[in-house]
1. Give me Rg/Rg_expected for the chain, where Rg uses Cα atoms only and Rg_expected = 2.2 N^0.38 Å with N residues.
2. What accessible area, in Å² to the nearest ten, does a 1.4 Å probe give for K37?
3. Rounded to the nearest 10 Å², what accessible area does K224 show when all protein chains are kept and the probe is 1.4 Å?
4. On average, how much area does the Cα convex hull of region 1-120 cover when viewed from any direction, in nm²?
5. Normalised by the residues of region 192-301, what does the relative contact order come to in percent, with Cα pairs under 8 Å and at least six apart?
6. Determine one quarter of the surface area of the Cα convex hull of region 36-180, which equals its mean projected area, and express it in nm² to one decimal.
7. How would I18, I28, I142 rank on accessible area, largest to smallest, probe 1.4 Å?
8. Could you sort R146, R90 by their accessible area in this structure, using a 1.4 Å probe and putting the largest first?
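The values are calculated or read from the model by the stated rules, or taken from the named source; none is laboratory data. What you see is a predicted model, and the numbers here were worked out from it, not measured in a lab. Positions of Cβ are generated from backbone atoms using ideal geometry, with glycine treated the same way; all protein chains shown enter the neighbour counts. Protein only, heavy atoms only, side chains kept; ligands, DNA and RNA dropped before computing areas. Shrake-Rupley method; radii C 1.70, N 1.55, O 1.52, S 1.80 Å.
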Amino acid sequence: MKKILKIAGIILGVVVLIILCFVSYVQIDGIPKYETKKIDLKVEVTPERVAQGFKIATMECIACHAGSDGKLSGRELTELPKEFGKVFSRNLTSDPEKGIANWTDGELYYLLRTGVKRDGQYLPVYMAKFPNAADEDLYSVIAWLRSDKIEKTNEEPPESEPSFLTKFLSHVAWKPLPYTEKPIQLPDTNNAVEHGKYLANTIIHCFPCHSGDFKTLNMLEPEKSGGFYGGGNKMPGLNGDLVTTRNLTFDETGIANFTEEEFIQSVRYGKKKGGGQLRMPMFPHTLLTDTECKHIYAYLKTVPKIQHKIEY
Ligand code: HEC
Ligand code: HEC
């Protein structure tokens, strides 16, 4: 008996030691780095691309990257759950020192697809990624970044201080997204469901906020995200109070009783069904057209219903 206890004690000791070693390794190593791929790309800056890039960026980049001066100088993402640590976005202007003037188009493209920066640093869940976006839409974002529409500034916040949880998840769960050489075409905008799905899951990203939790997101295969479109993700609002995202499936506890018009009013203008304004971070998506909202509505109808009553 004594011997068994002794062996059990040794095993327990070894397990504790291994865990401690892993914890210190993760703490010191931080967020892992990966090899990058050199992409030979030079995006032609056309007015059409700049306009489309601006539209995408208004819904996908500016909110996170605009500083208090209104320029794309970067800021602290205070709306992120505190458990991720202190997270600061970066300067996206053409400033040679603080901005992205020295990045090649290929490096920007690779980051947007995979989440890996040109120095190999992986950016976790708090930086948007576009593994399945159409090539042309990403060229548009890059054309906009290169255009003269962005005012230069050499302001930039300090580096992020990710929490242990962020570092840990970046070791065990979150990985760079795969890079595909295959061209990805724009969706057929006459097919409401296909187009709505592309907007909501691939380019405008409604599902990350509207699924169960940021920690269980699947950016490559959004449908596999925990609680896909069932809402319940809690995020700090403007006053620091927690705002819970709503269930966007067509269940009775979701938006089954929303008319198309009520849906458009919520999405484009932040108008709450029955009166009042939706709270941040549900910002109005005014640049989406009514047709685009109708297509998202048509797509959400096809998403498996989740029964999940959100208290607010
Ligand atoms: C949810 C917030 C969020 C969104 C949306 C977002 N970003 Fe970021 N981005 C970040 C954060 C945070 C970082 C820095 C993370 C770090 O260094 O820890 C970052 C880093 C970057 C970098 C690296 C810059 C550098 O100098 O290291 C680039 C380039 C970038 N983002 C471009 C974009 C573009 C283009 C878009 C829109 C298509 C976008 N981001 C959307 C939060 C966001
Ligand atoms: C940054 C996170 C975030 C993103 C991105 C986001 N939402 Fe929301 N959304 C919220 C939050 C939080 C609420 C609840 C606000 C409140 O309770 O006042 C909400 C509310 C809604 C509502 C109201 C539902 C109801 O029951 O009243 C609709 C509709 C909606 N969002 C649709 C969308 C669509 C469509 C997209 C993509 C184009 C989107 N949201 C993107 C966070 C987000």
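1. Numbers: Rg = 21.5 Å, N = 312, 2.2 N^0.38 = 19.5 Å.
Here the Cα radius of gyration is 1.10 times the empirical estimate.
2. Surface open to solvent at K37 totals about 90 Å².
3. Result for K224: roughly 130 Å² accessible.
4. Working: hull surface 46.6 nm².
Taking the Cα atoms of region 1-120, their convex hull projects to 11.7 nm² on average.
5. Details: 182 pairs, mean separation 31.6, N = 110.
RCO, region 192-301: 29 percent.
6. Working: hull surface 33.7 nm².
Over all viewing directions, region 36-180 projects a mean Cα-hull area of 8.4 nm².
7. On the way: I18 110, I28 145, I142 0 Å².
The most accessible residue leads, giving I28, I18, I142.
8. Numbers: R146 75, R90 55 Å².
Sorted by accessible area, descending: R146, R90.
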